[in-house]
Amino acid sequence: MPRYFIDLHDGANFVRDMDGFDLADDAAARLKLVRILGRIAQEFASEPERQDVLAIVRDEAGAGILRARLSLDIETIETA
């Protein structure tokens, strides 16, 4: 079974996945990526107006096969 690695970067911190996941194929890696980003979205802080996370999925050879960006942008609406 192929091994995939999901690296994360939030603009200040880079986390390189050294363990990886044994997944059936690229489609399974995509699903794993979406699930991880969903968990990250649930943990976004409420204070900053903008938060971004960039994720890159690498295959066993280290080649990037998927890239995803998760963003939260909160803006106060001024009323007249």
**Complete:** The residue from 52, 26, 19, 73 that alone is in contact with a Ser or Thr (Cβ under 7 Å, 6 or more places away or on another chain) and not hydrophobic (A, V, I, L, M, F, W, C) is 52
**Asked** Inside the stretch 49-77, can you point out the residues that are surrounded by 10 or more Cβ atoms within 10 Å (Cβ to Cβ), of a type outside the set (Ser, Thr, Tyr) and free of Cβ contacts under 8 Å to residues at least 24 places away in the same chain?
**Response** 64, 67, 69
**Fill in**
Scanning the stretch 1-38 for residues that are surrounded by 10 or more Cβ atoms within 10 Å (Cβ to Cβ) and part of a loop (DSSP other than H, G, I, E, B) gives 2, 10, 11, 16, 17, 20, 23, 24, 25
**Asked** Looking only at the stretch 39-59, which residues are outside any strand (DSSP E or B) and modelled with pLDDT of 95 or more?
**Response** 59
**Asked** Mind checking which pairs have a first residue in the stretch 1-13 that is without any contact (Cβ under 8 Å) to a residue 60 or more places away in the chain and more than 14 Å from residue 44 (Cα to Cα) and a second that is basic (Lys, Arg) and surrounded by fewer than 16 Cβ atoms within 10 Å (Cβ to Cβ), Cβ under 6 Å, 6 or more apart or different chains?
**Response** 7/16
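The values are calculated or read from the model by the stated rules, or taken from the named source; none is laboratory data. All values derive from a computational prediction rather than experimental measurement. Virtual Cβ from ideal backbone geometry, glycine too; neighbours counted across all protein chains shown.
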